[in-house]
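The values are calculated or read from the model by the stated rules, or taken from the named source; none is laboratory data. Computed from a predicted structure; not experimentally measured. Cβ: placed from backbone, ideal geometry, glycine included. Neighbour counts: every protein chain shown. Side chains included, ligands, DNA and RNA excluded: accessible areas come from the protein's heavy atoms. Shrake-Rupley method; radii C 1.70, N 1.55, O 1.52, S 1.80 Å.
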Amino acid sequence: MDAESQESFREFVASRSSALLRTAVLLAGGDRHAAEDLLQNALVKAAGHWHRIDEPEPYVRQILYRQQISRWRLKWRRRELSVAEPPESHATPDDASSAAELRLVLRAALARLTARQRTMLVLRYYEDLQEGDVARLLGCSVGTVRSTTHRSLARLRALAPELAALGPAAAEQQPSRDFSPVEVRP
């Protein structure tokens, strides 16, 4: 890699790594260490081809998605993470602490989904990709994307019924790009 390519790569990593890490955390089910590994491996692969890459962010994101697919296809099972259940809350969705609690509940529910289910939901609703784009990225049919997304949403709703308290009006008031099941369009 020549000096100009190195500088370009460093600028890309400095400017886009936080956004890419957020996506990787969602893909890894909230496991920040696994997400950092996922992102680091994607950046290493991209660095090797940097001089040929026209649009670096989509290229690195595609590497992230494909690495996640490879992880879920592996035969070994991951150890389950032990986490304490958050206490039940009677707060309204309008206050900031309640929104934070809902994000924590959502993160815990996403972590309990399979890697395939989580990946489908992240690509469809966090990355806001169309079904055809998700199918192309994951190498499956559009019907598979639809059915897996439908089953994933049903399981997410079953795992975290308290997310239903967040209505469409409350979702519009939240300026963040946090993954929200309210945005879900079956």
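Counting only protein chain heavy atoms and rolling a 1.4 Å probe, the accessible areas of 127, 4 rank, largest first, as 4, 127.
Considering only protein heavy atoms, with the full assembly of protein chains and a 1.4 angstrom probe, order 113, 104 by accessible area, largest first.
On the way: 113 10, 104 110 Å².
The ordering from most to least exposed comes out as 104, 113.
Label sites at residue 49 and residue 147, each approximated as a point 7 angstrom past Cα along Cα to Cβ, lie 3.1 nm apart.
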